[in-house]
Amino acid sequence: MRQTDELYDSESRGNQSQMARISTLANQQKFDELYGLTKQSYGDIQEENMLKLKDATRKGKLEEKRRALSRNAVPILGILAGTTAIAAGAATAQIPVVTVGIFVFVAALSKLKGGKEEKKKRGEESYANC
């Protein structure tokens, strides 16, 4: 009877250790699968965020160009008018028209508003006045 109990105990311990190994392998497989899905999901989210960032940057640049164009519409038309007056004066050999065209061109050119450079200058001036 004692041998039977010992044999049963050893078989029982063997079965328990085998079940523990199977359970550990199953847990490891679940963990690996979960890790793979998490890593893939993280990669997808990061890729989506990069696309959103690129799109926002592109939209921001386009909006800045639109603002610069609307801010500089009158000076650009002045430059165009000055250039036209210079060309018309040169074509008809009228020096006063060329002179007026040069003045209009230079005046319009001085009214052009730069983007970032002008903002930096304004920022430095405001700190200098303090």
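The values are calculated or read from the model by the stated rules, or taken from the named source; none is laboratory data. All of these numbers come straight from a predicted model, not from anything done at the bench. Cβ sites come from the backbone with ideal geometry, for glycine too, and all protein chains shown count toward neighbours. Protein only, heavy atoms only, side chains kept; ligands, DNA and RNA dropped before computing areas. Shrake-Rupley method; radii C 1.70, N 1.55, O 1.52, S 1.80 Å.
L62 sits among other residues whose Cβ lies under 13 Å from its own Cβ, and their net charge, with Lys and Arg +1 and Asp and Glu -1, is +4.
Within the accessible area of region 11-92, the carbon and sulfur atoms contribute 63%, probe 1.4 Å, all protein chains present. Any idea what diffusion coefficient region 17-57 gets from Stokes-Einstein, in µm²/s, Kirkwood Rh on alpha carbon pairs, 10 °C, 1.306 mPa s? D = 128 µm²/s.
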